[in-house]
Amino acid sequence: MVVKISRAAVRVGELGNLKLWLSKEWYPLIEKQEGSNGVSAAIRESGEFVVITHWRDKAAMESWNNNGAHKDIVKNLLPLLSVEISAEVYEELSF
């Protein structure tokens, strides 16, 4: 499995809108994505947050990255952010 960790920071006063975007736009779409094996998110008091997605394999993750609907909804996220999104991909360890 593959894990993608995306990082950004929400603008002051936009946390409620970020939560709405995640729950109403992003999560329903990723939940239907073939090869998606779970997702979680966490935030710091500073507004920095991470979204962690788990994928069956790299091809499934890349399919999500190239999904036109995903690209469209990300445009709605960008005005809520105070820093650019960064992402890292890891192979999941089994133990």
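Please treat every number below as a calculation from the coordinates, not as lab data. Here the structure is a predicted model, which means the values were calculated and not measured. FYI the Cβ positions are ideal-geometry reconstructions off the backbone, even for glycines, and counts take in every protein chain you see.
Worth pointing out:
- In order through region 51-56: 3J(HN,Hα) via Karplus (6.51 cos²θ - 1.76 cosθ + 1.60), integer Hz, x for Gly, Pro: 10, 10, 10, 10, 10, 4
- Charged-residue dipole, Cβ positions (Lys, Arg, Asp, Glu), the chain about Cα centre, Debye nearest 20: 220 debye
- Placing unit charges on each Cβ (+1 for Lys and Arg, -1 for Asp and Glu) gives region 2-91 a dipole about its Cα centre, and among His70, Gly38, Ala60 the Cα reaching farthest toward its positive end belongs to His70.
- From helices alone, the chain scores -8000 deg cm²/dmol at 222 nm; the rule is -39500 (n - 2.57) for each run of n ≥ 4 DSSP H residues, then divide by the residue total.
- Among the listed values (i) 25; (ii) 22; (iii) 58, the one matching percent of Cα pairs over 22 Å apart as calculated from this structure is (i).
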